[in-house]
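Okay, structure first, notes after.
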Amino acid sequence: EGRLALSSPLRILANNDNIFNNVCLSSTQIFGNLFACHHDETVYPDPWEFKPDRFLEEGKLVGADHPAVRNFIGFGVGRRRCVGQQMARIRMFLYTTCLLQKFKIEIPKDTSLPSHDPRALLSESPVILPPPMQYCFVEC
Ligand code: HEM
């Protein structure tokens, strides 16, 4: 198997593949920890802070060689990476820009934003979900 990393299970098919110094035996399944990769503070300082500007330099998106991009593996890497990546990126871009062109998104008066730090939510579910909250879409 030529996969590098890993979000869905990686199945080792060959006998005693030489990975991790032969610790992995045949038919071993490995789950990569994408969460840890994306919270590596050597690449993403203040990893628990929501900072979209990690991917910006002088107001422009950083290039593919930038460490923040090179270490982002939300769509996987290697042979089994997501085949829908381009489509997903285009759709998300269109969806978000259409909304932001037409609406200003605010929180209701007398409410505050919840923390962006997901650590408080880890014990409740194996899947990290944002807490329910209300938004106001104000037409521009
Ligand atoms: C934000 C949206 C999406 C995210 C974050 C995402 C993420 C991923 C990830 C992490 C994998 C596993 C890669 C690996 O195992 O190394 C994957 C696989 C896959 N994704 Fe996506 N995906 C998205 C949207 C889509 C869309 C829109 C399609 C189809 C139109 C799609 C089709 C697939 C398929 C077919 C695979 C399996 C590829 C294989 O095993 O060879 N994905 N995706």
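Quick one: which of 127-134, 53-60 comes out on top by average Cβ neighbours within 10 Å, and what's the full order, highest first? Walk me through the numbers on the way to the answer.
Numbers: 127-134: 8.6, 53-60: 10.6.
So the order, starting with the most tightly packed, is 53-60, 127-134.
Output wanted: per-residue J couplings in Hz (rounded whole) for region 72-89, from phi through Karplus 6.51 cos²θ - 1.76 cosθ + 1.60, θ = phi - 60°, x for Gly and Pro.
Each residue's phi maps through the Karplus curve to give 7, 10, x, 10, x, 9, x, 4, 9, 5, 4, 7, x, 4, 4, 4, 4, 5 Hz.
What residues qualify as long-range amide H neighbours of Phe103, i.e. H under 5 Å apart, gap of 5 or more or another chain, H built at 1.01 Å from N?
For Phe103, whose amide H was placed from the backbone, the distant partners under 5 Å are Cys140.
Residue-wise, which Karplus ³J(HN,Hα) couplings in Hz belong to region 130-135, taking 6.51 cos²θ - 1.76 cosθ + 1.60, θ = phi - 60°, and x for glycine or proline?
The phi angles translate into x, x, x, 8, 9, 10 Hz.
Amide H to amide H, which residues 5 or more places from Leu56 or on other chains are under 5 Å from it, using H placed in the peptide plane?
Val62
Here, each number is a calculation from the coordinates, and none is a lab measurement. Small disclaimer: the values here were computed from a predicted structure and weren't measured. Using ideal geometry, Cβ is built from the backbone for each residue, glycine included, and neighbour counts are taken over all protein chains shown.
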